[in-house]
Amino acid sequence: MNLAMARESLESSDSATVIAALTVISKSGQLNELQSILPLVKSAGADLKKAAINAACKIIRDNLVTRYNELESGVREKLGTIMASISPTIVDELSRDLYSEDEALRLRTVQIMGLLKKNPRVKDVVAGLVPHRDERIRATAVSVLGKVVGPQDTNLILQLMSDKDKRVRANTIEALESLGNPRLTSVIMRFKKDPSNRIRGNVLKALFNLGHTDIDNDLLDMIKNTDNFMKASAFWVVSQIGIRNREIADSAGFYLLSDNEMVANNAHKALTGVNDPRAQGYLNYLSDLKTAS
């Protein structure tokens with residue numbers, strides 16, 4: 001049966017013929033085929049209904065995998081909604097592709113998961129990808145997680161924040177910040193004193209951007225820490241949020257002359273981010289002084 005015959009056969013009263021036609025059409029991969037297939041999803045026959053669902057989901061998945069960036073975001077969202085509405089097992093089926101040897105397919109599958117954000121299974125599946133060894137998959141997983149995690153998911157958040165991998169904890173904070181939901185500050189607040197400089201920095205930045213701006217003393221605690229990574233992370237936070245505090249600015253000015261290049265560079269970035277007259281004074285005078293020395 002060729003494609004033209006398969007399209008005509010969809011009108012057949014014989015379910016076996018229609019099922020055979022669906023198998024052929026599903027291989028064509030054209031989104032316009034959905035117009036003929038979707039009505040069959042409501043079929044009374046279990047076998048025919050299953051074949052229609054499989055064909056529709058295959059066409060959608062094939063197009064999302066091969067044309068994801070070509071399709072408009074609204075079209076992608078609509079396709080995700082269709083899959084979610086007709087196939088209750090779609091998340092589990094997609095999950096299998098997360099273990100494919102094809103690296104591009106794995107990454108694309110994470111993105112497709114993001115289109116199914118209303119499915120409760122997505123949170124658990126994507127959360128498991130946050131510590132993935134592939135940086136792109138981790139980043140995509142964090143982005144997706146930011147869409148599906150809310151204040152009601154405290155247990156999941158705490159589970160991720162208790163992970164032994166510091167990257168998982170840091171990436172989780174980034175995901176929570178991306179939600180832009182001030183109600184999450186009560187959960188994030190618990191990790192202000194995390195021993196990891198990156199996590200503590202992410203926490204303070206997230207709190208500030210979610211509306212909890214009283215983080216001056218927390219930043220000063222980091223700056224006063226004997227660990228240079230902690231100091232550098234504090235100045236990185238300042239560079240990102242531009243918080244104006246005289247003591248912080250004076251500290252950044254002092255550490256412009258630090259022998260530790262990482263700390264000195266981040267102190268410079270912090271003052272650049274603040275960009276007020278005091279910060280500019282340190283940059284103009286001490287930067288020249290350090291160059292001259």
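Express in nm, to one decimal, how much length is gained between ASP62 and GLN159 on full extension, taking 0.36 nm for each residue of separation and deducting their alpha carbon distance.
On the way: separation 97, 0.36 × 97 = 34.92 nm, distance 3.39 nm.
Answer, rounded to one decimal: 31.5 nm.
Grab the beta carbon distance between ALA139 and GLU11, set R0 = 45 Å, and tell me the FRET efficiency rounded to 0.05. Numbers along the way, then the final one.
Working: r = 47 Å, r/R0 = 1.04.
Efficiency for this residue pair is about 0.45.
Would you mind checking LYS117/LYS193; LYS50/LYS123; LYS118/LYS147; LYS118/LYS166 for any pair whose Cα atoms are more than 21 angstrom apart?
LYS117/LYS193; LYS50/LYS123; LYS118/LYS166
Over region 114-191, average the accessible area per residue using a 1.4 Å probe and give it in Å², no decimals.
49
For an R0 of 25 angstrom, estimate the FRET efficiency from the Cβ-Cβ distance between LYS42 and ARG121 and round to the nearest 0.05.
0.55
Quick one: compute a quarter of the convex hull surface over the Cα atoms of region 1-127 and quote it in nm².
Value for region 1-127: 8.1 nm².
With equal scatterers on the alpha carbons only and no solvent term, can you work out the Debye log10 of I(q)/I(0) for region 193-293 at 0.15, 0.20 1/Å?
-0.52, -0.90
Where does the chain land at 222 nm, in deg cm²/dmol rounded to the nearest 500, when only DSSP H runs of n ≥ 4 count, each adding -39500 (n - 2.57), divided by all residues?
The per-residue figure over the chain is -21000 deg cm²/dmol.
Just grab the label-to-label distance for ASN275 and GLU70, each label 7 Å out from Cα along the Cβ direction, in nm (one decimal).
Those two pseudo-labels are separated by 4.1 nm.
In the chain, what percent of the accessible surface is made up of carbon and sulfur (1.4 Å probe, ligands and nucleic acids excluded)?
Carbon-and-sulfur percentage of accessible area, whole number: 49.
Each label point is 7 Å from the Cα along the Cα-to-Cβ direction; what then is the distance between the points at SER28 and SER186, in nm?
Inter-label distance under the simple model: 5.5 nm.
Tell me the relative contact order for region 134-197 as a rounded percent, counting alpha carbon contacts under 8 Å between residues six or more apart.
37
About the Cα centre, and with charges only on the beta carbon of Lys, Arg (+1) and Asp, Glu (-1), how big is the dipole of region 20-134? Nearest 20 debye, please.
340
The values are calculated or read from the model by the stated rules, or taken from the named source; none is laboratory data. Model, not experiment: these values are computed from the prediction. Backbone-built Cβ (ideal geometry, glycine too); neighbour counts: all protein chains shown. Areas reflect the complete protein model, heavy atoms only, side chains present, ligands, DNA and RNA absent. Shrake-Rupley method; radii C 1.70, N 1.55, O 1.52, S 1.80 Å.
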